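Have a look at the structure below before the remarks.
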Amino acid sequence: MTTWNDEQLADYECALETIGNVIALKARDIEAEKAKPVPDTEWIAKLRREQTDLAGERSRLRIGDHNAVARAIEQYGKLVRASI
């Protein structure tokens, strides 16, 4: 049986939440585009594909893959912070 330490658990949860926040940012951008008088449907489709890719990445993330967890926090954390 594998056990995880508190830091691994916290980092994993942070990575999952950070990816989820980026998915939410994409949803915000989709809604903003849809609200325009003439929405760019190609842009909306691109944002939806990005959401799908992010959801897939989040579902493939494993607590034991420290490098992938750290990379997700770093990469997507920048996007979340930039949106504030």
Response to the item:
Log entry, pairs with first residue in region 48-64 being in contact (Cβ under 8 Å) with a residue 60 or more places away in the chain, second being surrounded by 10 or more Cβ atoms within 10 Å (Cβ to Cβ) and not in a helix (DSSP H, G or I), beta carbons closer than 9 Å, six or more apart or on different chains, reads Gly64/Trp4
Worksheet item: Are any residues in region 38-76 within 26 Å of Leu9 (Cα to Cα) and among the small types (Gly, Ala, Ser), and if so, which ones?
Response: Ala55, Gly56, Ser59, Gly64, Ala68, Ala70, Ala72
Item to complete: Consider only pairs whose beta carbons are under 7 Å apart and that are at least six residues apart or on different chains; among these, list those whose first residue lies in region 17-33 and is within 17 Å of Ala70 (Cβ to Cβ) and whose second residue is part of a helix (DSSP H, G or I) and of a type in the set (Gly, Ala, Ser).
Response: Thr18/Ala72; Thr18/Gly77; Ile19/Ala72
Practice prompt. Please enumerate the residues belonging to region 44-56 that are under 10 Å from the mean Cα position of the chain (by Cα) and crowded, with 16+ Cβ neighbours inside 10 Å.
Written response: Glu50, Gln51, Leu54
Worksheet item: Taking into account only those residues within region 62-76 that are surrounded by 16 or more Cβ atoms within 10 Å (Cβ to Cβ) and within 11 Å of the chain's Cα centre (by Cα), which is farthest from Trp4 (Cα to Cα)?
Response: Tyr76
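Computed from the coordinates by the stated procedures, all read-outs in this text should not be read as laboratory data. A quick note: this is a predicted structure, and the numbers were derived from the prediction, not measured. Please note: Cβ atoms are built from the backbone with ideal geometry, for glycine as well, and neighbour counts cover all protein chains shown.
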